[in-house]
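A short write-up of the structure that comes next.
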Amino acid sequence: MATHEMTVAAVAHADEHAHDHGHHKETFWTKYIFSQDHKTIAKQFLITGFVAGFIGILLSAIFRLQLAFPDKSFPFLETILGKWAPEGRLDPNFYMALVTMHGTILVFWLLTGGLSGTFANLLIPLQIGARDMASPFLNMLSFHFFFWGTVVLFASFFVETGPAAAGWTVYPPLSALPQAMPGSGLGMVLWIIALVLFVVGVLMGGLNYITTVLNMRTKGMSLMRMPLVVWALFTVAILGLLSFPPAVAAFILLLFDHSLGTSFYLSDIYIAGQALPQQGGNPLLYLHLFWFLGHPEVYIVLLPALGITSELISTHARKPIFGYKVMVYSILGIAFVSFIVWAHHMFVSGMNPLLGSIFTATTLLVAIPSAMKIFNYIFTLWKGRIHLTVPMLFAIGTVSFFISGGLTGFFLGVAPLDIPLHNTYFVVGHFHLVMGVSAVFAMFGGTYHWFPRLWGRMMNNRLGYIHFWLTFIGANLVFFPMYYMGFGGVPRRYYAFTEFDFTKSWQDLNVFITIAALVTIAGQLLFVYNFFHSMFWGKPAPRNPWKATTLEWSSPVKHIHGNWPGKLPVVYRWPYDYSKPGAPADFIPQYISDEDIARGVRWWEDDFEPLSVIDREEPSEGEAAKVSPEPTPVPALSPNHKPDAPTA
Amino acid sequence: MQGALGHSGMKLLPYLCRYMSRMRWMSAVGLLGLGWAQIGAAAKARAAEIALEQAQQAAAFDWSGFLWKLVWIETLLIVFLAFRLIQLVVRYTGYDPFARWDRDKVNMRLWMLVGLGGLFFAVWGTFKYAPLYLPASASEHGKLIDGLRDGIISFTYPAFILVHLMLFYMIWRYYNGKVRQAVYEETHHGLERASLIAISIPVVAIAIAGIYIWSLPVHGQKPQEGQKTLEIELVAEQFQWRVRYPGADYKLGRYHYTLIGGENVLGLDFTDPKAQDDILPAAKEIHLPVGALVTIHVRSKDVLHSLFLPHFRTHIYAVPGQKNQVMLVPTITTKEMRRKLGKPDFDFELACNQLCGGAHYNMRMKVVVETWEEYQQWLSTQKPAHAPSEQVTEIRKSSQTL
């Protein structure tokens, strides 16, 4: 029996796995599709997220065209969209579908699945010194749920009534009643299924991240020695675990209302010439449930981004992150407060006004830990030695966008001021800058930074610089003017601004924003090219290209199962020992002990092999006593050598 | 010539020639590609043209469109080939004109240029677009909101500029090259404390002001001595607003959604005497008397809508199955506002601001603010809603009202 033999062989193989990693036969399917290796799963999340995100951004190109030229006809739209753009004019219902899918894809697929999925999978095991996730199988399932969610979501583009179109928040009754708009037909059902699959994936991942961080840290890796990005990803996993289930409940109840005639959210409705029998429900229930996820979701997007930014800024400024403890407490503080602010999305929904006062107070509280993080980034740069590499530029970009977007939170978080600004372009500008672009920038920065760790190759620097400056300038030109429109009271989710006197006059600015957006989107092709080209033909990466201290750079460039071929690294110090006085180099990796320094280990040299330190036998006590306590000073400037600078 | 072309240009030329001769096949492939694309585009255009001709019998060939297509394709191809050329020259000759650029210095300068320029343009735009912002509030509580907004701007705008300047200063002062050694500093308690205080003070101030003002517009207003009051109802549906005024009794009558149908568009319960004299103006206009305390009852017939009166700083969702209300006191008539703004065709407007379907963007209603006398005169020209007699009996049978 071939199958029987195979099973036995597989079991035996799994047994020897613990001792012998790497060189067993893998088929295409086990290596790339059903891989249980966290590094491969990270790649899967990254590519799926980026592909989905790129499509999501292309959707915005179409609706931006509509907003800038509402009375022009674009025949090519009919070519690609068919009946949704008769005679080249976008159908208003499909406009809403584009807006909805743009939001859903970018918030959930790119910035939750793509961002957390990628970096949690890649960094958590590698940075805490674990061989893999706590449950590699669950981890694989997590990606597959995410992937099939993606497939279902994109399939909804091809159903007859079109994809979901009630906005990414899918407020009922609009989303619950197929007679209210075409998008609320089958497209809505598929949207809910996609989201449920997605959330299942997120929860599986989250469980894994929490378990791994709590149980599988290597020797010496105490919680307060974890890199901030691991702190952020860990906190985000908890946030997701607590906030996604209510959202799933909300979606399932919505599905019941939609398809089974229940009335959780429906009451007193007269639509399409007919009074519906449903009574006693209330849409505000959905709003509460949704935003109970929805607001933590903002931080589920943002915290990993800020975590990545912490790593990048510290590494490339060659300086410890300023106020590590404050940063950790800020992450925890933001996570806690994020659970008690959700109703600031509902100030004008007609909920009890007393709640408005309470949620104003809690919302403004978020400003304190957020601002502390910003100040700490700036103080990290202060007296640093800032290498303006591509990842560093993106990290600084994230900080800049976080300032530009975060400060306007003061306007929207205050209930009375939310009255004129609610659902205007002020909101669109605010969240695109503070959590959209800033998180995307962190994701770009993280990709440029950890690309050598993912594919063993460097990305092209020059394309990276052009990509950064184009995107940074472009994104500012697109989103900053939206604040002006917000002060003009221009409402969001409008198909055209031609019907109202107070919106008409903004047409010129809309044309400007659209042109900026199209150029910026086209600029992303540079990244796409750079990404895929470098994956195969990029410059081979050295073991530790950025001279970073964290553990992920100590494992071999070529990926192996179990990350380290021999022993697990032991951690002797916190992750930010950059430019430490008296040290022979401007960084000391976490696995280098004081004895190693005294012994004269030269970890900053290009041909240094970290495994020689990691796999070394523990020094006996007598031997340790012989080592002199004074580190040998090494005056060589090699670690401070600038590889890209001209040799004079 | 040497000076004009520059040293590097002259140095590059022989390499280019050698490269071109060595890479003949590449150029050939490029030209072939160019030709192929042109032929393909031409063939496609020709096929489309033939199809069009057959359909319409007499359609002239669209030469300009065809040429534009060619221009586009060729531009893209030339850009791609140029890019590839530079890449190959760098690879085969080892001559790289950008190698001497100091990555840190160039990017630092770009930060200064883009960053400071960006700050300048942000401020410039704020003033440039000021004429398009909503004019000063036309309602009493809106003035408080405007005050709060100005207060928050006066804190956030300087903070926006200052924090960015700090960021740019760090880049300018501590970029690699100017600085060769970073200073090891884990934290600085004084600085942390200072930043904590710096952010906490405005947060507390804004919270107190915000919570205080929040209590005014929605539920805190009481009619003052001698102030007129008015209750009206606005009902949203896909995709229009309907307004209901009370009749001589100054009271709005009862309604129920199951009664909607035929001419009874709002589902009024005509067994209720208060409903019988209610007025449903035919024109898509809301008339409000200046200086009166107006309570607007907001409801929706089908999906979520939102009552958005931007000029009055008034905003509330219309929720099916839930009675919402807002209060406002208009402080300026439409006529005065037109004179004040110098725009003779200015109108206050009501918009829907919660996604409600395809024509969400087109739920406009004009708002006319006028003196109490003008308002009374307008109201007297409007007819009360009356139910056809047979419908009244029908309703009595199923007298289900709120």
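Data table
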| read-out | value |
| --- | --- |
| Cα-projected label distance for B:LYS128 with B:LEU76, points at 7 Å along beta-carbon direction, nm | 3.2 |
| Within the range A:68-92, backbone nitrogen closer than 20 Å to the virtual label 7 Å beyond the Cα of B:GLN56 toward Cβ | A:72-80, A:86-89 |
| Area buried, chain A against chain B - accessible surface, total, 1.4 angstrom probe, square angstrom | 10200 |
| Simple label model, 7 Å out from Cα along Cβ direction - A:LYS325 to B:TRP372, nm | 6.6 |
| Charge dipole of the range B:103-214 about the Cα centre (unit charges at C-beta), most positive-ward option of B:LEU148, B:LEU196, B:GLN181 | B:GLN181 |
| Shape call, chain B: gyration tensor on alpha carbons, a/c limit 1.5 | oblate |
| Cα-based reach from B:LYS301 at 16 Å (exclusive), listing lysines while leaving out same-chain residues under 8 positions away | B:LYS323 |
| For the range B:90-243: relative contact order, % (alpha-carbon pairs under 8 angstrom, 6 or more apart) | 27 |
| Net dipole in debye of chain B [+1 Lys, Arg Cβ; -1 Asp, Glu Cβ; about Cα centre; nearest 20] | 2080 |
| Acute angle (nearest 10 degrees) that the helix B:117-128 long axis makes with the longest principal axis of chain B, alpha-carbon atoms | 30 |
| Accessible area of the protein assembly as shown divided out per residue, in Å², using a probe of 1.4 angstrom | 41 |
| B:LEU88/A:LEU525 FRET efficiency (R0 30 Å; Cβ-Cβ; nearest 0.05) | 0.90 |
| Residue among B:GLY177, B:GLY117, B:GLY40 with the largest mean-square fluctuation in a Gaussian network model of chain B, springs linking Cα atoms under 10 Å | B:GLY40 |
| Options A:ILE80, A:LEU253, A:VAL519, ranked by Cα towards positive dipole end of the protein assembly as shown, top entry (Cβ charges) | A:VAL519 |
| Residue-by-residue Karplus 3J(HN,Hα) for the range A:481-493, coefficients 6.51, -1.76, 1.60, Hz, glycine and proline x | x, 5, 4, 4, 4, x, 5, x, x, 5, x, 7, 6 |
| Surface share of carbon and sulfur [accessible, 1.4 angstrom probe, percent] for the range A:298-405 | 79 |
| Unit charges on C-beta of K, R, D, E only; dipole of chain A, Debye | 1000 |
| Rounded to 5, the percent of DSSP beta bridges in the protein assembly as shown classed as antiparallel | 65 |
| Options A:THR315, A:MET216, B:ALA248, ranked by Cα towards positive dipole end of the protein assembly as shown, top entry (Cβ charges) | A:THR315 |
| Distance in nm between pseudo-label sites at A:ASP501 and B:THR229 (7 Å out along the Cβ direction from Cα) | 3.1 |
| FRET efficiency, A:VAL51 to B:MET166 (Cβ-Cβ, R0 41 Å, nearest 0.05) | 0.60 |
| Estimated 222 nm signal from helices in the protein assembly as shown, with DSSP H stretches of n ≥ 4 weighted -39500 (n - 2.57), rounded to 500 | -18000 deg cm²/dmol |
| Extension gain, A:PHE256 back to A:ILE33 (0.36 nm per residue minus Cα-Cα distance, nm) | 76.9 nm |
| Violating pairs (Cα-Cα greater than 18 angstrom) within the set A:LYS504/B:LYS343; B:LYS228/B:LYS284; A:LYS72/A:LYS504; A:LYS319/A:LYS383 | B:LYS228/B:LYS284 |
| Integer Hz, Karplus 6.51/-1.76/1.60 couplings in order for the range A:122-131, x for Gly and Pro | 6, 8, 4, x, 5, 7, 9, x, 10, 6 |
| Computed over chain B: relative contact order in percent, which uses C-alpha pairs under 8 Å that are six or more apart | 14 |
| Rounded, prolate or oblate (a/c below 1.5 giving rounded, otherwise prolate when a/b exceeds b/c) for the range B:229-397 by Cα gyration tensor | oblate |
| Relative contact order of chain A, pairs being alpha-carbon contacts under 8 Å that are 6 or more residues apart, as % | 14 |
| Most fluctuating residue given options B:GLU53, B:GLU263, B:GLU225, as computed from a GNM of chain B linking Cα atoms under 10 Å | B:GLU53 |
| Phi to ³J(HN,Hα) by Karplus 6.51 cos²θ - 1.76 cosθ + 1.60 over the range B:185-196, Hz, x for Gly, Pro | 8, 6, 6, 8, 4, x, 5, 4, 5, 4, 5, 4 |
| For B:LEU288, residues with placed amide H under 5 Å, excluding near neighbours | B:VAL368, B:VAL369, B:GLU370 |
| Theoretical FRET efficiency, 1/(1+(r/R0)^6), r = Cβ-Cβ of A:PHE532 and B:ASP96, R0 30 Å, to 0.05 | 0.80 |
| Helix B:63-93 vs. chain B, principal-axis angle (Cα, 0 to 90°, nearest 10) | 50 |
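The values are calculated or read from the model by the stated rules, or taken from the named source; none is laboratory data. Since the structure is predicted, the reported quantities are computational estimates derived from the model, not experimental observations. Using ideal geometry, Cβ is built from the backbone for each residue, glycine included, and neighbour counts are taken over all protein chains shown. What goes into the accessible areas is simple: the full protein's heavy atoms, side chains included, and nothing from ligands, DNA or RNA. Shrake-Rupley method; radii C 1.70, N 1.55, O 1.52, S 1.80 Å.
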